[in-house]
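Okay, so here's the structure we're looking at.
The values are calculated or read from the model by the stated rules, or taken from the named source; none is laboratory data. Every value quoted in this text rests on a predicted model; they were computed, and no experiment measured them. A quick note on method: Cβ atoms are made from the backbone with ideal geometry, for glycine too, and the neighbour counts reach across all protein chains shown.
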Amino acid sequence: MTETTKPATRYEVVSGVAWFTIDRPEARNAANAAVRADLREAVRRFNADDDAHVLVLTGAGDQAFCAGGDLKEMAGTSLGIPTAEHLPHFGHTIPVAKPTIAAVNGLAYAGGFLLAQMCDLCIAVDHARFAITEVKVGRGAPWAAPLPWLMPPRVAMELLLTGDPIDATRAHQIGLVNAVVSAAELRPTVQALGERIAANAPLSVRAAKEMVYRMADHPRTEAFTIADEIWNPVYLSQDAQEGPLAFAERRTPQWTGR
């Protein structure tokens with residue numbers, strides 16, 4: 001099978017956890033047009049699948065999660081301001097109510113950094129490296145606007161101004177990464193994390209995710225009112241009755257998402 005016919009990505013669901021893998025290791029899993037289109041379709045598929053509770057993004061091989069946009073492809077086109085549809089950006093250009101995890105198996109540069117940043121959780125291998133390299137090629141990173149919310153502003157400033165990479169340990173120290181594991185541990189660790197999330201009440205999980213992001217937009221005095229609005233439907237749901245009942249009956253809850 002030639003490079004032109006080999007699928008650029010893979011999508012599979014394992015025990016409630018959907019895995020989207022960029023399968024272009026020979027190009028350091030750079031996000032070309034095919035990858036971007038496949039990711040958009042995968043998100044739509046994930047959103048519509050009630051049996052898929054968590055979405056994981058990762059890359060093939062052990063060298064690169066995603067090296068960013070495919071510069072060779074970009075050089076052959078007229079470069080301007082990227083459209084909103086250029087690369088699916090979770091919670092910004094495409095809604096994703098269910099949790100997402102970045103399984104960073106190698107370097108995550110430029111658009112690859114974006115893919116890791118936009119996920120709700122991030123687990124990285126110990127040899128992973130992260131960089132916002134746009135300043136080195138004269139491009140922009142407006143997608144990095146949430147960085148001062150994710151990490152100390154001066155660290156965000158350093159990443160943006162220098163374009164220099166940081167290693168997985170530093171990324172963990174500043175809160176960009178939840179955990180650092182060996183390459184052999186990455187897939188099982190992320191799968192286990194996804195399954196723990198998938199086992200929880202889906203309405204509670206979605207409300208928790210929504211609350212965290214909504215709070216970034218509002219001062220403390222408004223936060224409690226907004227949180228009540230988010231959580232009241234959860235309290236009134238069938239699952240809110242099922243959870244305590246299952247506990248009392250010493251059985252596993254049967255969540256319906258209603």
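Return the residue satisfying two criteria in turn: it lies in the stretch 56-72 and is among the aliphatic types (A, V, I, L, M) and either touching a residue at least 60 places away in the same chain (Cβ under 8 Å) or not assigned by TED's automatic domain parsing to the domain that holds P188 (or both), and of such residues it is surrounded by the most Cβ atoms within 10 Å (Cβ to Cβ).
So the residue we want is L57.
Check whether at least one residue in the stretch 239-258 is under 19 Å from P95 (Cβ atoms), touching a helix residue (DSSP H, G or I) at 6+ places or on another chain (Cβ under 9 Å), of a type in the set (G, A, S) and surrounded by fewer than 12 Cβ atoms within 10 Å (Cβ to Cβ), and report yes or no. Before the answer, list the steps.
The initial filter retains those residues of the stretch 239-258 that are under 19 Å from P95 (Cβ atoms), namely 257.
Okay, now just the ones that are also touching a helix residue (DSSP H, G or I) at 6+ places or on another chain (Cβ under 9 Å), so 257.
Now restrict to residues that are of a type in the set (G, A, S): 257.
Filter once more, so that each one left must be surrounded by fewer than 12 Cβ atoms within 10 Å (Cβ to Cβ): none.
No: the stretch 239-258 contains no residue that is under 19 Å from P95 (Cβ atoms), touching a helix residue (DSSP H, G or I) at 6+ places or on another chain (Cβ under 9 Å), of a type in the set (G, A, S) and surrounded by fewer than 12 Cβ atoms within 10 Å (Cβ to Cβ).
Go through (1) more than 24 Å from the chain's Cα centre (by Cα); (2) in the same structural domain as A102 (by TED's automatic domain parsing); (3) β-branched (V, I, T) and name the single condition I166 misses.
With (1) more than 24 Å from the chain's Cα centre (by Cα); (2) in the same structural domain as A102 (by TED's automatic domain parsing); (3) β-branched (V, I, T) applied to I166, the lone miss is (1).
Any residue in the stretch 145-158 that's assigned by TED's automatic domain parsing to the domain that holds G91: show its pairings with residues that are in a loop (DSSP other than H, G, I, E, B) and loosely packed, with under 15 Cβ neighbours inside 10 Å at Cβ separation under 6 Å, as long as the two are six or more apart or on different chains.
Sorted first by the residue in the stretch 145-158, then by its partner, the pairs are W149/A216; M151/G175.
Only residues that are without any contact (Cβ under 8 Å) to a residue 24 or more places away in the chain and buried (at least 20 other Cβ atoms within 10 Å of the Cβ): list them for the stretch 85-105, please.
Once the filter is applied, which keeps residues that are without any contact (Cβ under 8 Å) to a residue 24 or more places away in the chain and buried (at least 20 other Cβ atoms within 10 Å of the Cβ), the stretch 85-105 yields nothing.
Are there any pairs, at least 6 apart or on different chains, whose C-beta atoms fall under 9 Å, with the first in the stretch 214-239 and on the phi < 0 side of the Ramachandran plot and the second among the hydroxyl-bearing types (S, T, Y) and in a helix (DSSP H, G or I), and if so, which?
So the pair list comes out as H218/T225; W231/S204; V234/S204; S237/S204; D239/S204.
Per-residue answers, yes or no, for (1) touching a residue at least 60 places away in the same chain (Cβ under 8 Å); (2) in contact with a strand residue (DSSP E or B) (Cβ under 6 Å, 6 or more places away or on another chain); (3) assigned by TED's automatic domain parsing to the domain that holds A128:
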residue: V14; (1), (2), (3): yes, no, yes
residue: A18; (1), (2), (3): no, yes, yes
residue: E26; (1), (2), (3): no, no, yes
residue: N29; (1), (2), (3): yes, yes, yes
residue: N32; (1), (2), (3): no, no, yes
residue: V35; (1), (2), (3): no, yes, yes
residue: R40; (1), (2), (3): no, no, yes
residue: R45; (1), (2), (3): no, no, yes
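Taking the condition of being more than 19 Å from Q63 (Cα to Cα), touching a Phe, Trp or Tyr at 6+ places or on another chain (Cβ under 9 Å) and surrounded by fewer than 17 Cβ atoms within 10 Å (Cβ to Cβ), how many residues in the stretch 164-203 meet it?
Of the residues in that region, 2 qualify.
Taking the residues in the stretch 223-258 that are under 25 Å from V212 (Cβ atoms) and acidic (D, E) as candidates, determine which candidate is farthest from the chain's Cα centre (by Cα).
For the stretch 223-258, the residue satisfying everything is E242.
Within the set of pairs 6+ apart or on separate chains, which have a first residue in the stretch 106-127 that is assigned by TED's automatic domain parsing to the domain that holds G68, a second that is part of a strand (DSSP E or B) and among the charged types (D, E, K, R), and C-beta atoms under 7 Å apart?
Within 7 Å, the pairs are L107/R129.
Testing P7 on (1) under 16 Å from L87 (Cα atoms); (2) touching a helix residue (DSSP H, G or I) at 6+ places or on another chain (Cβ under 9 Å); (3) not aliphatic (A, V, I, L, M), one condition comes back false. Which one is that?
Result: P7 passes all but (1).
Take the stretch 215-237 and flag every residue that is of a type outside the set (A, V, I, L, M) and either modelled with pLDDT of 95 or more or buried (at least 16 other Cβ atoms within 10 Å of the Cβ) (or both). Explain how you work it out, then say what you get.
Here is the first cut: in the stretch 215-237, the residues of a type outside the set (A, V, I, L, M) are 217-222, 224-225, 228-229, 231-233, 235, 237.
If the condition is that a residue be of a type outside the set (A, V, I, L, M) and either modelled with pLDDT of 95 or more or buried (at least 16 other Cβ atoms within 10 Å of the Cβ) (or both), then W231, S237 are the ones that fit.
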